[in-house]
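Take a look at the structure below.
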Amino acid sequence: MYTGVTNDLVRRVFEHKDRQNPNSFTAKYKLEKLVYFESCQDSCVAIGREKQIKAGSRAKKIQLVVSNNPEWKDLTEMICS
């Protein structure tokens, strides 16, 4: 699972899907689905939340995804519309 922060989610998702950085974590592990995201108006709040999620166990991350997206659907289309 990959956790990150960006100011342009659509652009960032497509960078990952296109594996624009072949040495990145997402390219190495072929992570292409957006299964969870949060939106923040304040970048400091967003970075704090990213750190909070990253500090959690894999089980907590899975629980976060399942509680919002139980079928693990790719949410890319949702953010593009």
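Things worth noting here:
- In segment 39-81, residue surrounded by the most Cβ atoms within 10 Å (Cβ to Cβ) [restricted to those that are in contact with a helix residue (DSSP H, G or I) (Cβ under 9 Å, 6 or more places away or on another chain), of a type in the set (A, V, I, L, M, F, W, C) and in contact (Cβ under 8 Å) with a residue 60 or more places away in the chain]: I79
- Count of segment 27-72 residues which are under 13 Å from the mean Cα position of the chain (by Cα), over 13 Å from L9 (Cα atoms) and in a loop (DSSP other than H, G, I, E, B): 4
- Among residues of segment 1-26 that are of a type in the set (D, E, K, R), those with a beta-carbon under 6 Å from a residue that is surrounded by 15 or more Cβ atoms within 10 Å (Cβ to Cβ) and part of a helix (DSSP H, G or I) at least six positions away or on a different chain give the pairs R19/A27.
- Taken over segment 1-59, the criterion of being at pLDDT below 95, farther than 26 Å from P70 by Cβ and among the hydrophobic types (A, V, I, L, M, F, W, C) is satisfied by A27 alone.
The values are calculated or read from the model by the stated rules, or taken from the named source; none is laboratory data. Nothing here was measured: the structure is a model prediction, and the numbers come from that model. For neighbour counting, all protein chains shown are included, and Cβ atoms are generated from backbone atoms with ideal geometry for every residue, glycine included.
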